[in-house]
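Beneath this line is the structure, given in structure tokens, with notes to follow.
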Amino acid sequence: MKGTMISLAEVRRKRRNTLVISVMLIGILAAFLISMNTGVIRMSPLDVVKTLLGFGTAQQHLVLFDFRLPRIIISILIGMGLAVSGAVLQALTRNALADPGIIGINSGAGMVILLYVAFYSSPTAAPAYLLPILAWLGGGVAALLVFIISYRKHKGLSSNRLVLNGVAISSGFSAVTILVSLRINPEQYQFVSTWLAGSIWSKDWSYVTALLPFIVVLLPFVYFKSQTINVLNLGAPLATGLGAAVAKQQIWLLAAAVGLASSCVAVSGSIGFVGLIAPHLARRLVGQRYQILLPATALAGGLLVLVADTLGRWILQPSEIPTGIVVAVIGAPYFLYLMFRTKG
Amino acid sequence: MFGKGKKLVIVLLSVMSLSLVLAACGGNKENNGNANNAATESASPTPAATETAAAPTEQKLTDGMGHEVTIPANPQRIIASYLEDYLVALGVKPVAQWSVANGIQEYLQGDLKDIPTIAYDLPYEAVTSFTPDLMILGANSTVDGGKYDQYAKIAPTFVLGDEVNNDWRKALLKIGEVLQKKDQAQKVLDDYNAKAADAKTKLQAAIPDQSVAAIWLVGNKFYVVSDKLSSGTVLYNDLGLKVPNVVKEISASGTGSWNEISLEKLADLDADHLILVNSDKATGSEALKDPIWQSIPAVKNGHVYEYDRTSSWLYYGPVASSQMIDNVLKDLVK
């Protein structure tokens with residue numbers, strides 16, 4: 001009797017999960033189509049479809065394939081990457097407020113960009129790839145620092161240490177950033193701050209191809225580790241008791257989370273809120289199990305950033321609002337609502 | 001059993017969504033090429049029948065950043081954002097003009113009155129919507145982060161580069177070359193030089209050995225023009241006016257065209273005449289009520305000539321410089 005009850009609940013839950021995932025996929029598809037139609041150059045949905053099928057004018061081709069499409073794909077990819085990175089970090093640190101920013105990735109990347117701009121007065125002198133690579137290195141080094149300080153032989157990673165050291169390193173890097181920013185001229189500062197605000201300024205295919213390998217390799221990797229994440233989420237002592245090689249798994253997953261987040265930050269600037277909010281959103285919809293939570297988180301993140309980017313392009317036409325700001329503006333109230341609901 | 005099936009569905013859906021993304025990428029590469037060709041094809045054969053004496057032909061030039069650019073013979077739809085000064089000097093009308101959230105280049109509006117504006121950061125689609133056949137850009141920073149390749153897909157794009165862009169004489173001649181109006185550019189330059197030389201003699205007769213500084217008031221802070229950049233070159237180089245010691249000192253340590261001057265330094269300002277560009281007029285210019293400002297000798301003597309932020313003093317180029325000379329003559333040669 002009890003057995004059937006559980007399996008019925010199970011079936012219902014699975015049905016619900018499938019529904020959630022499908023709705024999110026449809027949402028992304030819808031946002032994709034709307035985004036394709038959004039921009040200074042007016043194109044009817046019919047024009048868009050025609051152009052996608054190869055019957056558009058040269059100008060429509062250019063706008064769709066070179067300006068809008070890469071940007072949409074980058075938005076979805078970084079949304080997925082940051083969200084999954086956040087979900088993994090929340091499990092590893094067992095801290096619901098963890099996100100890629102907490103292990104210093106954003107501040108590390110930001111500092112390196114600022115130092116570069118400060119010392120080589122014009123960011124343009126650099127080849128287009130240099131800034132993302134620098135940001136990647138900065139984010140990686142910051143995370144590595146946090147990681148080394150938090151690691152204890154025999155004990156593995158302590159989640160509290162990870163969070164505290166992350167906060168400390170981030171503030172240290174931010175302090176350096178502020179210090180240096182006082183010494184650079186307004187134009188340089190503007191460049192850095194636009195970059196930091198998450199304006200996706202590099203929107204062509206080369207950045208899609210640079211980002212894609214990370215996403216394609218690391219997302220499935222993390223997904224195949226979902227059972228491990230479930231166990232780790234129980235806390236190190238319990239996980240050890242259950243036979244998990246805690247330290248080793250933590251290192252692998254942390255490396256994956258850092259790889260995802262810093263490659264996203266490198267391409268997009270720091271779009272901070274996604275890594276925090278997308279996992280929470282997904283968790284409310286599909287529950288704690290990472291097998292389903294991870295795909296849901298990825299979709300939620302992709303949808304969030306895509307919608308934010310589309311809104312950012314649409315609200316103040318022909319000017320654009322940096323995506324990071326839009327994410328924060330739509331994310332923050334929802335997040336507060338979530339906290340409010342959870343408490344009640 | 002059932003659970004497994006559902007799980008498979010979810011995995012399949014995720015894989016499908018990912019492959020959709022991948023397919024979109026892969027498929028695009030070809031279209032990319034197509035759009036490219038089509039864009040260049042449509043760019044060249046537009047020029048309307050023209051009857052210029054020496055019929056100009058398409059030319060290949062290397063721009064300030066090393067790009068080889070094919071410039072159409074007779075570009076009709078030019079975007080040269082923040083370089084409109086030169087176009088006006090050469091009698092060319094762009095299809096769109098530079099703008100920021102709070103303004104446009106007012107001092108050029110006599111010539112650019114009905115020309116639509118484009119945001120200063122030149123978003124791709126906004127540029128595309130004007131279907132330009134030539135883009136001329138100034139500073140290297142305008143094509144940051146791989147933007148050049150994208151602009152070049154819209155229209156042939158010529159970047160002057162920082163070195164040329166920072167010297168309006170060089171920029172004028174370069175733009176003259178790009179637009180095949182070399183002689184005209186040279187004439188504009190010669191006329192300017194003659195005008196400056198004439199003004200210089202008049203100034204030396206009227207106010208011999210007196211110094212002038214240009215001060216910009218914005219956000220309650222004072223900035224002083226560098227003795228070697230921007231409007232500073234007009235004052236001190238072209239017109240041979242004397243550089244006040246404080247200006248020399250600040251220019252030596254600062255790097256910008258306009259460098260901030262502290263209130264203490266302001267008290268020491270040893271200029272006989274002050275050109276004040278006041279961007280704070282709308283907010284009441286509180287800083288001008290400060291006793292330190294009031295105590296500057298030039299202010300006490302009433303030798304302050306005020307201009308608002310729309311005047312040419314904050315800009316740089318043949319038209320702006322020429323207007324500055326007019327201003328100086330009006331103020332200082334009575």
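The values are calculated or read from the model by the stated rules, or taken from the named source; none is laboratory data. No experiment lies behind these values; they were computed from the predicted model shown. Note: ideal-geometry Cβ built from the backbone for every residue, glycine included; neighbour counts use all protein chains shown. When the accessible area is computed, the model is the full protein with side chains, heavy atoms only, and any ligands, DNA or RNA have been set aside. Shrake-Rupley method; radii C 1.70, N 1.55, O 1.52, S 1.80 Å.
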- Note on the structure: The answer for the stretch B:59-184, accessible area per residue at 1.4 Å probe in Å², is 37
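Could you count how many Lys pairs in the stretch B:206-332 have their Cα atoms under 16 Å apart, skipping same-chain pairs fewer than 8 positions apart? Display every interim value, and only then the final one.
Working: B:K221/B:K265; B:K221/B:K281; B:K221/B:K289; B:K228/B:K242; B:K228/B:K248; B:K248/B:K265; B:K281/B:K289; B:K289/B:K300.
The result is 8.
Please state, to two decimals, what the Cα-based radius of gyration of the stretch A:11-132 comes to when divided by 2.2 N^0.38 Å (N = residues).
Numbers: Rg = 20.2 Å, N = 122, 2.2 N^0.38 = 13.7 Å.
The stretch A:11-132 yields a ratio of 1.48.
Using only the C-alpha atoms of the protein assembly as shown, find the volume of their convex hull and express it per residue in Å³. Please list the in-between numbers first.
On the way: hull volume 120.9 nm³, N = 678.
Dividing the Cα hull volume of the protein assembly as shown by its residues yields 178 Å³.
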- Query: Calculated FRET efficiency, A:V329 and A:L164, Cβ-Cβ r, R0 45 Å, to nearest 0.05?
  - Reply: 0.95
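How do A:R289, A:R16 stack up against each other in accessible area, from largest to smallest, with a 1.4 angstrom probe? It would help to have the intermediate numbers written out before the result.
On the way: A:R289 90, A:R16 115 Å².
Sorted descending by solvent-accessible area, the residues read A:R16, A:R289.
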- Query: Using a ≥ b ≥ c from the Cα gyration tensor of the stretch A:190-344 (square roots of the eigenvalues), is it rounded, prolate or oblate, where a/c under 1.5 gives rounded and otherwise the larger of a/b and b/c decides, a/b for prolate?
  - Reply: oblate
- Message: For the stretch B:206-332, what does the accessible surface come to per residue with a 1.4 Å probe? Please give it in Å².
- Response: 42
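Select from the stretch B:51-127 those chymotrypsin sites (Phe, Trp or Tyr not before Pro) which occupy a DSSP coil region and have at most 16 other Cβ atoms within 10 Å, ordered by residue number. Walk me through the numbers before you get to the answer.
Details: sites: B:Y82, B:Y86, B:W98, B:Y107, B:Y120, B:Y124; in loops: B:Y82, B:Y120.
Passing both the DSSP loop test and the Cβ count: B:Y120.
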- Accessible area, probe 1.4 Å, largest first, for residues A:S7, A:S206: A:S7, A:S206
- Message: Can you tell me how the stretch B:59-184 classifies by the Cα gyration tensor, rounded, prolate or oblate, using a/c under 1.5 as the rounded cut?
- Response: rounded
- For the stretch A:51-108, just say rounded, prolate or oblate: build the C-alpha gyration tensor, square-root its eigenvalues into a ≥ b ≥ c, call rounded for a/c under 1.5, and beyond that prolate if a/b exceeds b/c, oblate if not. prolate
- Item | Gaussian network model of chain A, springs between alpha carbon atoms under 10 Å - residue of A:F147, A:F55, A:F224 with greatest fluctuation | A:F55
- May I ask you to compute the full-extension gain from B:T70 to B:A267, defined as 0.36 nm times their residue separation minus their alpha-carbon distance, rounded to one decimal in nm? 65.5 nm
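B plus A alone minus the pair: what accessible area, both sides summed, probe 1.4 Å, in Å² to 100?
Details: alone 17330 and 16730 Å², together 30490 Å².
Separately minus together, B and A give about 3600 Å² buried.
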- Item | Accessible area expressed per residue, chain A, with surrounding protein chains retained (probe 1.4 Å, Å²) | 44
- Message: Leaving out ligands, DNA and RNA, and with a 1.4 Å probe, what % of the accessible surface on the stretch B:98-209 is carbon or sulfur?
- Response: 49
- Looking at the stretch A:52-75, residues buried by 40 Å² or more relative to their chain on its own, accessible surface at probe 1.4 Å, turn out to be A:A58, A:Q59, A:H61, A:L62, A:F65, A:D66, A:F67, A:I73
- Would you compute, from DSSP H runs of 4+ residues alone, the mean residue ellipticity of the protein assembly as shown at 222 nm, taking -39500 (n - 2.57) per run and dividing by the full residue count, rounded to the nearest 500? -19000 deg cm²/dmol
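Can you figure out the FRET efficiency of A:Q190 with A:A245, using R₀ = 51 Å and their beta-carbon distance, to the nearest 0.05? Spell out each step's value before the answer.
On the way: r = 48 Å, r/R0 = 0.94.
Using R0 = 51 Å, I get an efficiency of 0.60.
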- Hey, any idea what the orientation-averaged projected area of the convex hull of chain A's Cα atoms comes to, in nm²? 20.1
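Could you compute how fast the stretch B:206-332 diffuses translationally, taking Rh as the Kirkwood radius over C-alpha pairs and applying Stokes-Einstein at 20 °C with viscosity 1.002 mPa s? Give it in µm² per second.
Working: Rh = 14.4 Å.
Result for D is 149 µm²/s.
For the stretch B:59-184, give the share of DSSP beta bridges that are antiparallel, in percent and rounded to the nearest 5; count only bridges with both residues there.
Values: 6 of 15 bridges.
The answer is about 40 percent antiparallel.
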